[in-house]
Amino acid sequence: MVLSAIKSSVLIIHGPNLNLLGTREPGVYGDATLAQINDRLAGLADAAGVSLQAFQSNHEGAIVDRIHEAKAAQIGYIVINPAAFTHTSVAIRDALAAVAVPFIEVHLSNVHRREPFRHHSYFSDVAEAVIAGMGPYGYEAALGYALARMNTN
Ligand code: DQA
């Protein structure tokens with residue numbers, strides 16, 4: 001019997017202040033905690049036989065460093081909510097371009113219905129896909145897409 005090839009992992013990256021989900025502006029971001037979101041994603045990945053790594057940081061450089069590690073770590077897809085760095089960070093955009101791992105940009109809220117400064121993203125034009133306004137389900141949709149793509153590649 002031929003063993004199936006080792007599947008790549010999916011890396012979920014959560015940007016600044018997302019560690020406060022559950023209590024942070026629940027009218028905008030909902031009441032699910034980050035741990036609940038990550039647990040749900042881990043279950044979905046586990047059911048598909050793919051490993052999942054989740055990382056949250058409030059620090060731009062730490063996110064850049066984590067993205068650099070993705071290349072060696074057999075990461076097939078990155079799902080990233082850059083949070084406020086969406087609107088400011090050339091450094092994180094450049095890191096994603098440098099490792100050339102396909103990524104999906106996720107926002108809990110519909111940033112296009114909010115303040116004008118949230119309408120511009122440094123990521124959307126280089127992302128494989130963008131999801132905004134679906135709440136925590138947006139992460140699940142992104143992960144489902146990544147898993148489907150990894151199975152066919
Ligand atoms: C966010 C939207 C950003 O504008 C904001 O700075 C966040 C979260 C979202 O998930 O809706 O922190 O990325």
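Throughout, read-outs are computed from the coordinates displayed, never taken from laboratory work. Everything numeric here is computed off the predicted structure, so don't read it as measured data. Cβ coordinates were reconstructed from backbone atoms using ideal geometry, including for glycine residues, and neighbour counts include every protein chain displayed.
Grab the Cα-Cα distance for Asp39 and Ala73, subtract it from 0.36 nm times how many residues apart they are, and report the gain in nm with one decimal.
My answer for the length gained is 10.2 nm.
Enumerate the amide H contacts of Leu21 below 5 Å, restricted to partners 5 or more residues apart or on another chain; note that Pro and chain-start residues carry no placed amide H.
Leu34
Specify the inter-centroid distance of region 1-77 and region 112-132, based on alpha-carbon positions, in whole Å.
Rounded to whole Å, the Cα centres lie 19 Å apart.
Whose amide H sits under 5 Å from the amide H of Thr88, counting only residues 5 or more places off or on another chain, with H placed in the peptide plane?
Hits under the 5 Å cutoff: Tyr122.
Compute the length gained on full extension between Tyr145 and His59: take 0.36 nm times their separation in residues and subtract their Cα-Cα distance, giving the result in nm to one decimal.
Result: 28.2 nm gained on full extension.
Quick one: 3J(HN,Hα) in Hz for region 59-65, Karplus 6.51/-1.76/1.60 with θ = phi - 60°, rounded, Gly and Pro as x.
Ordered by residue, 3J(HN,Hα) equals 10, 4, x, 5, 5, 4, 4 Hz.
Going by amide H atoms built from the backbone, whose H comes under 5 Å of the H on Ala132, apart from near neighbours?
Here His107 satisfy the definition.
Using the Karplus curve 6.51 cos²θ - 1.76 cosθ + 1.60 with θ = phi - 60°, work out ³J(HN,Hα) for each residue of region 141-149 in order, rounded to whole Hz, and write x for Gly and Pro.
5, 5, 5, x, 5, 4, 5, 5, 5
Starting from the coordinates of the alpha-carbon atoms of region 1-87, obtain the Kirkwood hydrodynamic radius over all distinct pairs and give the value in Å to one decimal.
14.1 Å
Largest first, please: the extent of the C-alpha atoms of the chain along each principal axis, to the nearest Å.
For the chain, the Cα extents along the three principal axes come out at 56, 31, 23 Å.
Quote to one decimal, in nm, the extra length available between Arg113 and Ala47 on full extension: 0.36 nm per residue of separation minus the C-alpha distance between them.
Taking Arg113 through Ala47 to full extension adds about 20.3 nm, to one decimal.
D for region 85-153, whole µm²/s, Stokes-Einstein with Kirkwood Rh over alpha-carbon pairs at 4 °C and 1.567 mPa s: what number?
In µm²/s, the coefficient is 101.
Using the Karplus curve 6.51 cos²θ - 1.76 cosθ + 1.60 with θ = phi - 60°, what ³J(HN,Hα) values do you get for each residue of region 88-93, in whole Hz, with x for Gly and Pro?
Those phi angles translate into 9, 9, 5, 4, 6, 4 Hz.
Peptides 56-62, 129-135, 77-83: what's the order by average Cβ count within 10 Å, highest mean first?
Averaged packing, sorted descending, gives the order 77-83, 129-135, 56-62.
Sorting Glu140, Glu105 on the 10 Å Cβ count, fewest up front, what's the list?
Ordered by Cβ neighbours within 10 Å, fewest first: Glu140, Glu105.
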